[in-house]
Amino acid sequence: MIAALAAGRRFLPRGYADLARQAAIWFGFVFAYQVARGFAGRNPAKAFADGWRILDFEQHTTHHVFELTLQQFVVSSQLLSKLVAWTYWNSEFTVVGLALLWVYLRRHDAFARFRNAIISANLVGLVGYVLLPTAPPRMFPSLGFIDHHTNGVVQLAGNPYAAMPSLHAADALIVGVVLATLVRRPLWKIVWLLWPAWVWFAVMASGNHFWLDVLAGIFLAVVTLAIVYRARMRSLIANRL
């Protein structure tokens with residue numbers, strides 16, 4: 001017991017109580033988000049209508065369905081298919097959760113802003129799911145898309161029409177930018193700077209998001225980062241002048 005308390009004082013920035021409080025905030029948010037996400041946008045007719053509108057816009061704009069091309073390219077390789085699937089299922093809460101934990105333990109001064117950026121972006125995204133339920137590309141098999149979502153638990157827990165905006169895209173950009181500024185080794189900086197682009201590719205290639213969803217997610221992340229970090233950016237600019 002004494003050894004555990006000593007380890008807590010040594011490795012935890014503010015002790016066990018604060019770690020428990022931050023974990024409660026995070027897991028409480030995840031639970032509430034998943035519940036709200038499950039109830040938001042339960043309107044299949046509107047979701048498919050919005051999906052077709054996005055498809056029409058993309059086809060009229062680019063004369064091509066890039067998401068279908070990406071998925072066909074990925075399914076031609078078993079390794080690439082597995083990497084894309086892993087990225088889609090883990091880039092959200094698994095990678096985000098581990099990134100938050102690392103920042104909390106190793107770069108604690110940056111933790112609060114990082115956490116607030118993630119939570120803020122996801123709350124705004126939830127509003128988007130309510131106002132604009134959108135069927136993802138994988139729900140349009142008539143165009144050639146393949147739907148790999150066969151897990152009943154996943155289908156029960158989530159909202160299948162939560163495509164606009166892409167929070168995978170938003171969270172990947174926030175995580176990538178923040179961690180790239182916090183890690184010290186150049187190699188890891190490069191990895192985290194490339195991480196958002198890989199996630200954007202994966203969510204489109206898996207048939208879970210249109211590129212417009214991804215673009216909306218990127219915009220959401222940029223605005224959120226600008227708002228949450230505005231004081232920090234002003235301080236850095238002032239110190240350089």
Practice task
From LEU100, LEU105, grab the single residue that is surrounded by fewer than 14 Cβ atoms within 10 Å (Cβ to Cβ), in contact with a helix residue (DSSP H, G or I) (Cβ under 9 Å, 6 or more places away or on another chain) and not β-branched (Val, Ile, Thr).
Solution key: LEU105
Exercise for the section: Please give the number of the condition VAL127 fails out of (1) in a helix (DSSP H, G or I); (2) at pLDDT below 85; (3) over 25 Å from VAL222 (Cα atoms). Expected result: (3)
Problem - From SER120, SER76, SER91, residue being open to solvent by 40 Å² or more (accessible area, probe 1.4 Å), under 14 Å from the mean Cα position of the chain (by Cα) and of a type in the set (Gly, Ala, Ser) - result: SER120
Exercise for the section: Output the residue which, of all residues in the stretch 167-199 that are open to solvent by 60 Å² or more (accessible area, probe 1.4 Å) and part of a loop (DSSP other than H, G, I, E, B), is nearest to TRP102 (Cα to Cα). Expected result: ARG184
Exercise for the section: May I ask you to list pairs of residues, at least six apart or on different chains, whose Cβ atoms are under 9 Å apart, with the first in the stretch 21-34 being open to solvent by 40 Å² or more (accessible area, probe 1.4 Å) and the second being of a type in the set (Val, Ile, Thr)? Expected result: ILE25/ILE119
Exercise for the section: Would you please list the contacts, defined by Cβ atoms under 7 Å and residues six or more apart or on different chains, that run from a residue in the stretch 61-89 that is without any contact (Cβ under 8 Å) to a residue 12 or more places away in the chain to a residue that is surrounded by fewer than 19 Cβ atoms within 10 Å (Cβ to Cβ) and of a type in the set (A, V, I, L, M, F, W, C)? Expected result: SER81/VAL75
Handout entry: Where GLU67 falls short, out of the listed (1) surrounded by fewer than 14 Cβ atoms within 10 Å (Cβ to Cβ); (2) in contact with a helix residue (DSSP H, G or I) (Cβ under 6 Å, 6 or more places away or on another chain)
Key = (1)
Practice task
Look at ARG115 and say whether it is among the basic types (Lys, Arg) and touching a helix residue (DSSP H, G or I) at 6+ places or on another chain (Cβ under 7 Å).
Solution key: yes
Exercise for the section: Inspect all residues belonging to the stretch 217-232 and state whether any of them is modelled with pLDDT of 90 or more, in contact with a Pro (Cβ under 9 Å, 6 or more places away or on another chain) and surrounded by fewer than 20 Cβ atoms within 10 Å (Cβ to Cβ). Expected result: yes
Problem - helices (runs of 4 or more DSSP H) completely within the stretch 16-95 that count 1 or more residues being modelled with pLDDT under 80 and over 29 Å from ALA112 (Cα atoms) - result: 44-62
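So in the stretch 200-216, with the set limited to residues that are open to solvent by 50 Å² or more (accessible area, probe 1.4 Å) and under 21 Å from LEU131 (Cβ atoms), which one is farthest from the chain's Cα centre (by Cα)? If you could, list the steps in order and put the result at the bottom.
Applying the first criterion (open to solvent by 50 Å² or more (accessible area, probe 1.4 Å)) to the stretch 200-216 yields 200, 211, 215.
After this cut, where a residue has to be under 21 Å from LEU131 (Cβ atoms) as well, the list is 211, 215.
Working: TRP211: 14, LEU215: 13 Å.
So the residue we want is TRP211.
The values are calculated or read from the model by the stated rules, or taken from the named source; none is laboratory data. Because the structure is a prediction, the values reported are computed rather than measured. Cβ sites come from the backbone with ideal geometry, for glycine too, and all protein chains shown count toward neighbours. Remember, those area values only see protein heavy atoms, side chains included, never the ligands or the DNA or RNA. Shrake-Rupley method; radii C 1.70, N 1.55, O 1.52, S 1.80 Å.
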